[in-house]
1. Under the rule a/c < 1.5 gives rounded, and otherwise a/b versus b/c splits prolate from oblate, where does the range A:181-287 land using the Cα gyration tensor?
2. Picking from A:Ala32, A:Gly66, A:Val44, whose Cα lies most toward the positive end of the charge dipole for the range A:29-94 (charges on Cβ: Lys, Arg +1; Asp, Glu -1)?
3. Hey, fewest Cβ within 10 Å first, where do A:Met272, A:Met212, A:Met389 land in order?
4. With labels modelled as points extended 7 Å from the Cα through the Cβ direction, what inter-label distance (nm, one decimal) is found for B:His249 paired with B:Ser261?
5. Can you tell me the dipole magnitude for chain A around its Cα centre, using point charges on the Cβ only (Lys, Arg +1; Asp, Glu -1), in Debye to the nearest 20?
6. For the range A:2-158, count the residues as N, evaluate 2.2 N^0.38 Å, and divide the Cα radius of gyration by that value, please.
7. For the pairs A:Lys178/A:Lys309; A:Lys178/A:Lys331; A:Lys143/A:Lys424, flag any whose C-alpha to C-alpha distance is greater than 19 Å.
8. I want the local charge near A:Ser95. Using Cβ-Cβ distances under 12 Å, sum +1 for each Lys or Arg and -1 for each Asp or Glu among the other residues.
Amino acid sequence: MPENFVAVSISHHRAPVEVRERLQLSEEEIGAILKTLRNDAEAVVLSTCNRTEIYAMPVEGQAIDGAHLIHKILSIKELQKESVQTYRAYFEMFSSADAIKQIFRVIAGIDSQIIGDQQIFAQVKDAFRASEQAQTTGRFLNKLSQAAFRVGKRAITETTLLEGASTISYAAVEFARKIYDDLRSRHILVIGAGETGELAAKHFAERNAGRMTIANRNVEKAREMLARIRPAHASGTFDVISLDALDAVLPKADIIVSATSAPDYVLTEPSMKMALEARQSSSPVVMIDIAVPRDIDPAISSLSNVFLKNIDDLRTIVDRNTDRRRQEIPKVEAIIEEELARFLASLSQLEVGPTIKELREKFEAIRAEELERNHEKFDERSFAVVDEMTRRMMNRLLHQPTVSLKETNEETSEQLTRVEIVRKLFALDNKKE
Amino acid sequence: MSILVTGLQIALPLAYGGLAFYFARTFFRSLNQAERLKHAVPAAYVVLALHALYISVYTAQNHHDLVATVYELFSLIAFTLLAVYVFAELRASRETSGTGFFVTIVCFVLQLVSSITVNNEIVQETKSILQDPIFNLHVTTSVFGYAALMLAAIYGGLYLLLYRAIRHNQFGAIFEHVPSLDRLERYGLRATAFGFIFLTLSIVLGALLYARIPLGVSASQFLVDPKVLMTLLVWLVFGVTLLVRKVVHLEGRRLVLFWMSGFALTIISMTVINWIGTSFHSFL
């Protein structure tokens, strides 16, 4: 029954990054937690850089609460006693429909730090896969995973939650693609081999950059970065140069991304002017400065045929997209409500069938037992009559309860409660798959 | 039949207006791509079918194609423009839906002007040239040429709008929904090439027609006719755009400005010259 379903979550909503990273679970740790839960519950563990969560549905006869699940996470991390108390306060607990809604919100990306986070769908999918491998999924979680994937897919296809860039590095690529959407015939110059430059270079490489040059003071570091970002089946040309060789490449570059930690301008107006004069094309040059302090002289923006944008300009794009994504949240919430109702209905159907079957089996067993006990008191003919009479009697007695259990034109929760009552009244075994 | 023609003359601007409204609604609202174009192609087909019916009925009633006056031509260009757009872009690429609003607005304006100003008097006898097959081919190729050039101008206008939006950090509807500068340039060039080919054919057919049918003008008068002169100028501008651009590295905004100047000449050729110039290009 979903009333027993529980979830605990430590996420960016309450916990600062140092707490989140301390409680982030490795694959091995997830496996270990699932192993300890295997006999007590169906369970799934999700752990990303922004959240660590356990969802659990206790099997019949077992009781699991949020505190128990929090203890599982904290104990595997072997924290000091005083830290345990501190960390416990960062957790949120959910139960029943709220816990179901929580996983729906997570997979749809509206609970993420970056609303509409595109990675979370795959991460939730991986979490369910890990549970399956650890044999901690059952009838309930299998149904839940299907419903959750449906929510995630609908959020993508029926809303614009995922449209537009939500990070600076991605916004840089999206901006460049508003000028050159086909990057196969374009030369991209990335200046700087730091984390920001690497992210932007990676996005460009993934979008079939025709030619990419990475310029860095330390060429060896640029080479290492290239090895990391170059897609396995990349058809474009990739090379690295020293910053000293920049002037030779500038006239050929269509898109220039600069992300160094240099204190002064790496690209000045005179150098860019010379590059534009040497350029054998009048197509625009896209320059994106994502460094702080800035790498590209802002005076360059006044040059003809140059689009120069800095981190603040890109932030405008990101903020706009974030606002728009926020406006999509009510649509996603509506999808979640719809899918929750659908899930609960399917769950009640899931419970109704086996309950009716078990009820009939139980009645039939009693009938058979009583017949057997009194078999000798009847001759063959009389026994056949009694057999037929008791069978009919049983069918008539069970007819109305069966009809009531099958009734779906009412609240799903009421139907589930009725199933629960019948199971308790007649002491039916709950044999989970 | 005249009631039907009048009815269609009222219905067509409404239909184009409705189509433009549909594209505007999807252009300014943030809908995902699938939703954005769900009904665009069928809706455009309905408008085209309605317009085709109008052309047939009008031709049957007036005993000549929609080519005799500039107002009739406006209607034919609106039809051709939408047809070229639907078959060349809309059906093929769902990503370029951002251009639909601008194309349909132009179609709407053209059809509205045509519906308001077109002369509905039934002409029983028309000049024999209007029945000539080469003349009709000459005009048809012109219409296709002008429609393609108009489409190129729409792409060029969008290019300049987007260019400006990017330079001024205006990341609104134009930035979001209009295709990239690169793509607009490609589409514009394609439309220009298409227009240039048809304009070339039209000029050749026009010369053939002059040789075949006595129009009452001498060769020197023919060549200095404002409409002929302007058409040759337009043809030259687009020819240069297409043939010389690689040699002189004419790309991006400069290229767009060049072909837009060609389009400005086209507008002058179609309107001002028609109204104020003396031309033998008058058939009613």
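Since every read-out is calculated from the coordinates, none of them should be taken as a lab result. Because the structure is predicted, anything quoted here is derived from the model rather than measured. Because the Cβ atoms are built from the backbone with ideal geometry, glycine has one as well, and the counts that use them run over all protein chains shown.
1. Judged from the Cα gyration tensor, the range A:181-287 comes out oblate (a/c at least 1.5, b/c at or above a/b).
2. The residue sitting most towards the positive pole is A:Ala32.
3. A:Met389, A:Met272, A:Met212
4. 2.0 nm
5. With Lys and Arg at +1 and Asp and Glu at -1, about 480 debye.
6. Rounded to two decimals, the normalised Rg is 0.96.
7. Beyond 19 Å: A:Lys178/A:Lys331; A:Lys143/A:Lys424.
8. Neighbourhood net charge equals -3.
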